[in-house]
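Take a look at the structure below.
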Amino acid sequence: MNNLTSLPTIVSGLVLATLVACASTNTPAPATGAVGNSANSAAVSDAALTNSVLAGLAQQQGINPADIAVESYDGEVRLSGFAASQQEIDTAVAAARSVAGVKVVRNDMKLKDAAK
């Protein structure tokens, strides 16, 4: 197979194109009257936070991250989807809370048996 048309090469190219297209520009931050506000400099983007939480969920034993949806906005993370047990829900919530940048975790997960 030609290296330029292999699946990993195509996927890498698409990821690179997306990153370049989404690169931030140097625009001045709005003036807030506070000098050296560390809260703004420590802010994590919503997409990065979502990815970090998903990665944290994938590392947990007994969790199926494919069954859990993660949404992030301004440090607030919402977990939704279905879990096989309350322990799985508790583990997912704890894993999300442990991620740097997470301020609040909103648990909207449901038990699979309760969904019937």
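Quick notes on this one:
- Counted residues, the stretch 66-107 - those being of a type outside the set (Gly, Ala, Ser) and in contact with a helix residue (DSSP H, G or I) (Cβ under 8 Å, 6 or more places away or on another chain): 12
- Filtering 43, 96 for residues that are at pLDDT below 95 and among the hydrophobic types (A, V, I, L, M, F, W, C) leaves a single hit, 43.
- Candidate set from the stretch 54-86 (those that are in a strand (DSSP E or B) and polar (S, T, N, Q)); member that is surrounded by the most Cβ atoms within 10 Å (Cβ to Cβ): 72
- Checking each residue in the stretch 90-108 for being in a helix (DSSP H, G or I) and either of a type in the set (Phe, Trp, Tyr) or open to solvent by 70 Å² or more (accessible area, probe 1.4 Å) (or both) picks out 90, 97.
The values are calculated or read from the model by the stated rules, or taken from the named source; none is laboratory data. As the structure is a computational prediction, the values presented were derived from the model and not from experiment. Neighbour counts run over all protein chains shown; Cβ positions are idealised from the backbone, glycine included. Note: accessible area is taken over every heavy atom of the protein model, side chains too, but ligands, DNA and RNA are not part of it. Shrake-Rupley method; radii C 1.70, N 1.55, O 1.52, S 1.80 Å.
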